[in-house]
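I have placed the structure first, in the form of structure tokens, so that the comments after it can refer back to it.
Values quoted throughout were computed directly from the atomic coordinates according to the rules given, and no laboratory measurement underlies them. Computed from a predicted model, the values in this text were never measured in an experiment. Counting neighbours? That spans all protein chains shown, and the Cβs are built from the backbone with ideal geometry, glycine included.
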Amino acid sequence: MEEIRSAMEEQMNQMANLIQGFSAELRSGFAPAYDNFLGFFHAIDWKEPWLIGLLGFHVLFLLTAILSRRHVNFQMCLFLLALSGVYLAERINRFLGNNWESFATQNYFDPLGLFFSVLWSGPLLIIAMLILVNSLFSLCHLIVRWKRAELRHRARLSDKKTE
């Protein structure tokens, strides 16, 4: 019995060491990503009018999507508009990269489009996902209403047959 207990304790110690090593490795792996994010965040002058306008656009677009959640057709237009914005992001990034002197203090528009992807495409994709989830919930609600109406119709038909 003592051998089993010592084997169990040894196994538990090994598992605890593995979990501690894994969590330490995970924390050290996220440290460079966190540092890069902070560097990215601090490199941007958030007081530039065009950035404030861009953030305001995203807030307005999100509020429009939230307030129009009961209007499925309008939501689909918003969904297509958001995905069109993501689709055109590369062209918009190239255009803005060529003309950044006219509206910005520094060139944020790298050829790979990282900055523009984070501040333009990212929020649009999140809003598109919210619209999609809302559409799925609306579709489920519509299916439930349709099935209830079908069952009521069948019940009425069976009542008429019995009379």
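The overall shape of region 66-137 is prolate: from the C-alpha gyration tensor, with semi-axes ordered a ≥ b ≥ c, the ratio a/c is 1.5 or greater and a/b exceeds b/c. Residue ranges 104-116, 148-160, 46-58 sort as 104-116, 46-58, 148-160 when ordered by packing (mean number of other C-beta atoms within 10 Å per residue, highest first). When the chain is treated as a Gaussian network with alpha carbon springs shorter than 10 Å, the biggest mean-square fluctuation among 38, 83, 132 belongs to 38. Residues 95, 79, arranged from fewest to most other Cβ atoms within 10 angstrom of their Cβ, appear as 95, 79. For semi-axes √(5λ) of the Cα gyration tensor in Å, the value calculated from this model appears in (i) 22, 20, 16; (ii) 44, 41, 11; (iii) 31, 22, 16 under label (ii).
The charge dipole of the chain, taken about the Cα centre with unit charges on the Cβ atoms of Lys, Arg (+1) and Asp, Glu (-1), comes to about 1660 debye, rounded to the nearest 20. Of all the options 40, 61, 30, the one that moves most in a Gaussian network model of the chain with Cα springs shorter than 10 angstrom is 30.
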